[in-house]
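Reviewing the structure listed below.
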Amino acid sequence: MPPEHPLRNLLIDCRIALRRAGAGDQGAALGGRIDAAIREIDRGQASAAAAVEEPSQGRTSSQQVALAWQTACRGLMLAQPQIYSELRDKVMGLLDQRELRDPDQELLAAEAEAQRLHSELAALRTRLNEMILRAGQAQTALGTLRDALEEATREMTGADAYRDAQSLALARVEWLANRQSSAVAAPAGAAVEQGPMPSQALLQAVAGGSREFSQVQREWVVGEALGLTGWSMTPVELLAKGDAWLASKILEGQQPAG
């Protein structure tokens, strides 16, 4: 950048002094002449700087750009001192920063980040919809299984004693398992007593392990055992004790109080 012309600085000082003195029409005319002289000096300096630049550059040099801004700011300082002061403070603040960033580049980077986040959000929404669909299918299958289990265990008693659906479902499965094992363990051709209330002989045989209750008899025995145990055990817990234990409990309850 070419050095400051001493005559130019003197003219600028004169122009500022005229503005502060308020010399009237004559001062305004003289100020116009001073401004014209300043512009003429600026044009001369710009031409001299352009002549120094290498011809091979083919574009505006940084010195020409700086000189053009300097010339425009000088004129702004004379015409609008307040705006010039604000602009100067802004430039000095930017120069104090370690690194100047191009706002356009920051905007492009922000747009790319927003596009990436939008793609990730779309993928998450797709996965969420798939999980919701699978959960609905699982819920439907679970409802079908519970209905089938309830239909298969219509003869089961004491279902109202369970507080939640899971415990009830487990009890129904156990009831079916016990019923199947009883059917398999029953000897072929063995005489099975009819009626829900077992006889004294049958109770003794079951307590000894030689016989088993029928399903109807077992339900009756569980109902009796609930009362004999003071409802301290659930039907599932009583069934887990086995037929022999239940028969012994019934026999104990039938004995007269000593």
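The values are calculated or read from the model by the stated rules, or taken from the named source; none is laboratory data. All values reported here derive from a predicted model rather than from experimental measurement. No Cβ is skipped: glycine too gets one built from the backbone with ideal geometry, and neighbour counts run over all protein chains shown. Accessible surface areas use protein heavy atoms only, side chains included; no ligands, DNA or RNA. Shrake-Rupley method; radii C 1.70, N 1.55, O 1.52, S 1.80 Å.
Available extension along the chain between Asp164 and Glu111 is 13.8 nm, counting 0.36 nm per residue and deducting the alpha carbon span.
Note on Ser199 and Ser85: the model spin-label points, each 7 Å out from Cα along the C-beta direction, lie 12.2 nm apart. Give the residues of segment 197-220 whose amide nitrogen is closer than 15 Å to a point set 7 Å from the Cα of Thr229 in the direction of its Cβ. It comes to 218-220, nothing else. What translational diffusion coefficient, to the nearest whole µm²/s, does segment 205-246 have by Stokes-Einstein, given a Kirkwood radius computed over alpha-carbon pairs, a temperature of 37 °C and 0.692 mPa s viscosity? Estimated diffusion coefficient is 318 µm²/s. With all protein chains in place and a 1.4 Å probe, the accessible surface of segment 201-249 carries 54 percent carbon and sulfur.
As a calculated quantity, the FRET efficiency between Leu76 and Glu130 at R0 = 51 Å, using C-beta atoms, amounts to about 0.20. Heavy-atom accessible area for Ser199, with the other protein chains in place and a 1.4 Å probe, reaches approximately 40 Å².
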